[in-house]
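Undergrad: My structure is below; once you've seen it, I'll send some questions.
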Amino acid sequence: MSTLNIAIIGTGGISLQNHLPGLALCQDVKVHALCDANPATLETARQQTGAPVASTDWKEIVTREDVHAVIIATPNFLHPDIAIAAARSGKHVLCEKPLALNATDAARMAEEADKAGVRHMTAFTYQFVPAMRYLRHLVARGDMGIPYHFRSCRLQDWGTRNLGWRQSKKLAGTGEIGDMLSHRIDFALQLIGPMKRLVANLMTLTPVRGGAVNDTDDWVAILAEFRNGASGVLESSKLASGRNESWRSLDYVEINGSEATFEFTTGKWNELQHGKVGGPGLAPLIIPKEFHVWPGSPRDPGVGDPLISFRYDQAIEFINAIREQRPCAVTFHDGARAQAVMDAAVRSTELRQWVDLPA
């Protein structure tokens, strides 16, 4: 097909901020159809995109013959049904994280997409940060040596404002662990490897947000043991007062190995901190220019805010994988593995004990 027609299901902020600008950089790609349960939100997106097809019924969209690929940015509980229906209809699928409310459904999404022979991608956007990409390269090259420790800390100040569907367990599944820590869980699995067991705690410190009930977690911590013997400590909070939000807040990852330590901070897109064993301390490590944009991306890294524009490479990778008939760099299988860790963390909190991860 010369032109790829894309349908976006869920046309709120994440679609307008991340997905649309990325698709705009792709050649011979058209936002052809839009879907949202909220007619006002749908109309805003229709006016912004000029998409000729708009509907409040996702089932109508995923079965259309003139739609080739679907981007899902709905409340989490809808992800499995939409993704599986789209895959069975032969549509390639990019889905926001977390993939589902549980690992069973997430794995089913991956299996159905594989069975249908379509491209599938989990929106772990931060894998496209240049510094993160270079860090993965260094780890794969062996620069870290034997992995000892992984630690991450994501601290934001969201106050007690209303978060809409994200503060409903029925619609979102979880709160902070699925919303923010899922990215860092993905980091851990990509950089260190699979986890063997974990103990965790999730807390809801704001049972009321913006005058409405909140039954999702707003703080989470995980202590993990990896299958290769490394340790992991992961913490994330919406209630770190004064820390601000997004890239202005703390988003920190450090890995220690037998040969070196690397530190990654999202706010420093083109720099890592690095120190060798026995050295005097950490020092800046500049990211080579070839890592500033994703392979195959036409994006100019000097245009726009680099702490935002790296996100556009995600859509470019999705489209290029479709064109090149190859797996996406981040698949539903990656999303399912992260979901299994989240499920174990929830289970650990309920049992107040260590929980083993599936092999």
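Undergrad: Against the condition out of contact with any strand residue (DSSP E or B) (no Cβ under 9 Å at 6 or more places or on another chain) and over 21 Å from PHE187 (Cβ atoms), how does GLN325 come out, does it pass?
TA: Numbers: out of contact with any strand residue (DSSP E or B) (no Cβ under 9 Å at 6 or more places or on another chain): yes; over 21 Å from PHE187 (Cβ atoms): yes.
For GLN325, the condition - out of contact with any strand residue (DSSP E or B) (no Cβ under 9 Å at 6 or more places or on another chain) and over 21 Å from PHE187 (Cβ atoms) - is met.
Undergrad: If we keep just the residues of segment 44-74 that are assigned to a helix (DSSP H, G or I) and out of contact with any strand residue (DSSP E or B) (no Cβ under 7 Å at 6 or more places or on another chain), which is surrounded by the fewest Cβ atoms within 10 Å (Cβ to Cβ)?
TA: Within segment 44-74, the subset assigned to a helix (DSSP H, G or I) is 44-49, 58-62.
Filter once more, so that each one left must be out of contact with any strand residue (DSSP E or B) (no Cβ under 7 Å at 6 or more places or on another chain): 44, 47-48, 59-60.
Working: THR44: 16, GLN47: 9, GLN48: 14, LYS59: 12, GLU60: 12.
If we take residues in segment 44-74 being assigned to a helix (DSSP H, G or I) and out of contact with any strand residue (DSSP E or B) (no Cβ under 7 Å at 6 or more places or on another chain), then GLN47 is surrounded by the fewest Cβ atoms within 10 Å (Cβ to Cβ).
Undergrad: If only one of ARG197, ARG154, ARG184 is closer than 18 Å to GLY232 by Cα, in contact with a His (Cβ under 9 Å, 6 or more places away or on another chain), in contact (Cβ under 8 Å) with a residue 12 or more places away in the chain and assigned by TED's automatic domain parsing to the domain that holds VAL293, which one is it? Even if it seems obvious, please write down each step before you answer.
TA: Numbers: ARG197 fails: in contact with a His (Cβ under 9 Å, 6 or more places away or on another chain); ARG184 fails: in contact with a His (Cβ under 9 Å, 6 or more places away or on another chain).
Result: ARG154 is the single residue among ARG197, ARG154, ARG184 that is closer than 18 Å to GLY232 by Cα, in contact with a His (Cβ under 9 Å, 6 or more places away or on another chain), in contact (Cβ under 8 Å) with a residue 12 or more places away in the chain and assigned by TED's automatic domain parsing to the domain that holds VAL293.
Undergrad: Within segment 195-238, work out how many residues are surrounded by fewer than 21 Cβ atoms within 10 Å (Cβ to Cβ) and either touching a Gly at 6+ places or on another chain (Cβ under 8 Å) or at pLDDT below 95 (or both).
TA: 5
Undergrad: State yes or no: is ALA106 assigned to a helix (DSSP H, G or I), surrounded by fewer than 22 Cβ atoms within 10 Å (Cβ to Cβ) and small (Gly, Ala, Ser)? Before you say what the answer is, go through the steps one by one.
TA: Working: assigned to a helix (DSSP H, G or I): yes; surrounded by fewer than 22 Cβ atoms within 10 Å (Cβ to Cβ): no; small (Gly, Ala, Ser): yes.
No: the conditions fail for ALA106.
Undergrad: While we're looking at this one, here's another question. Of the residues SER348, SER258, SER309, SER246, only one is under 23 Å from ILE14 (Cβ atoms) and assigned by TED's automatic domain parsing to the domain that holds PHE150; which? Let's see the steps before the verdict.
TA: Values: SER348 fails: under 23 Å from ILE14 (Cβ atoms); SER258 fails: under 23 Å from ILE14 (Cβ atoms); SER309 fails: assigned by TED's automatic domain parsing to the domain that holds PHE150.
Criteria check complete, one pass: SER246.
Undergrad: Got a sec? Which of LYS268, LYS276 is basic (Lys, Arg), surrounded by 17 or more Cβ atoms within 10 Å (Cβ to Cβ) and over 24 Å from LEU16 (Cβ atoms)?
TA: LYS268
Undergrad: Follow-up. Show me the strands (runs of 3 or more DSSP E) entirely contained within segment 162-239 in which 1 or more residues are of a type in the set (Val, Ile, Thr) and farther than 30 Å from ASP143 by Cα. So that I can check it myself, show each step before the final result.
TA: Details: elements: 195-203, 219-226, 231-237.
So the answer is 219-226.
The values are calculated or read from the model by the stated rules, or taken from the named source; none is laboratory data. Quick caveat, the model's predicted, so the values are computed rather than measured. Quick reminder, even Gly has a Cβ in these numbers, built from the backbone with ideal geometry, and neighbours come from all protein chains shown.
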